[in-house]
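> A single structure is presented below for examination.
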Amino acid sequence: MIKKIKTASNIGLWGSLAVAAATIAFVMLSRYRFYMNDRAFNYIMIASIVLTLGHMAVVLTGVRKNVPLLRQNDNLGEKLEGYLALVRRIYYGSLAVMVVLCAAIILSYNTRLIMFALLLVLVLFLSFPNMYKIKVDLGLDDNQMKMLFGDKYIPDQEPDFEDFPEQKQKGK
């Protein structure tokens, strides 16, 4: 299950990054350019902005609403299946939005839309699931993390209050 989560997030993140980089390279380095009238240019710009910002809003609210629901579940398998479904929706959906956005950038030759492509990649980087983010998102304990990740997981150490005697007395 963890491999599926990593695969989905890697495909979405690196695929979106590759599409964005290829689009930027094409727009900046290519001699070829598509021309359109001002009305179509404005429609494509507005539609691209609405699509990108709408998708980012859906991603951020989806994470905000689904992660606490997953954390409340007691079954580890169901938690991981729900998290996998969430990661797939986020990263595969973002890859599809990135392809549409980059096609709009190339067809309209609107370099201002590159900012939104980079913003979408930033959102993907910020929500990328590593093992510690998975632990926090799903509310897993150290035993469950050892079971899922084995020796790769380094548990948090309990604070040693011997170095700070004033904290030791406050703690008691």
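> Could you tell me whether segment 56-64 includes any residue that is of a type in the set (D, E, K, R) and farther than 30 Å from ASP141 by Cα?
no
> Could you tell me which residue of segment 1-11 is farthest from LEU126 (Cα to Cα), considering only residues that are over 10 Å from the mean Cα position of the chain (by Cα) and open to solvent by 10 Å² or more (accessible area, probe 1.4 Å)?
Ranking the qualifying residues of segment 1-11, first place goes to MET1.
Each row is one residue, and each column tells you yes or no for (1) charged (D, E, K, R); (2) touching a helix residue (DSSP H, G or I) at 6+ places or on another chain (Cβ under 6 Å).
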{"site": "LEU69", "(1), (2)": "no, no"}
{"site": "ARG89", "(1), (2)": "yes, no"}
{"site": "SER94", "(1), (2)": "no, yes"}
{"site": "LEU107", "(1), (2)": "no, no"}
{"site": "ASP137", "(1), (2)": "yes, yes"}
{"site": "LEU140", "(1), (2)": "no, no"}
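> Continuing with the same structure: Counting only residues that are open to solvent by 80 Å² or more (accessible area, probe 1.4 Å) and either out of contact with any Leu (no Cβ under 7 Å at 6 or more places or on another chain) or part of a helix (DSSP H, G or I) (or both), how many does segment 12-41 have?
10
> Also, quick follow-up: Within the set of pairs 6 or more residues apart or between chains, which connect a residue that is on the phi > 0 side of the Ramachandran plot inside segment 13-24 to a residue that is small (Gly, Ala, Ser) and open to solvent by less than 60 Å² (accessible area, probe 1.4 Å) with Cβ atoms less than 6 Å apart?
From segment 13-24, no pairs qualify.
> Would you check which residues across segment 42-69 are within 19 Å of LEU113 (Cβ to Cβ) and open to solvent by 100 Å² or more (accessible area, probe 1.4 Å) and list them?
TYR43, ILE46
The values are calculated or read from the model by the stated rules, or taken from the named source; none is laboratory data. Since the structure is predicted, the reported quantities are computational estimates derived from the model, not experimental observations. Because the Cβ atoms are built from the backbone with ideal geometry, glycine has one as well, and the counts that use them run over all protein chains shown. For accessibility, only protein heavy atoms count, side chains too; no ligands or nucleic acids. Shrake-Rupley method; radii C 1.70, N 1.55, O 1.52, S 1.80 Å.
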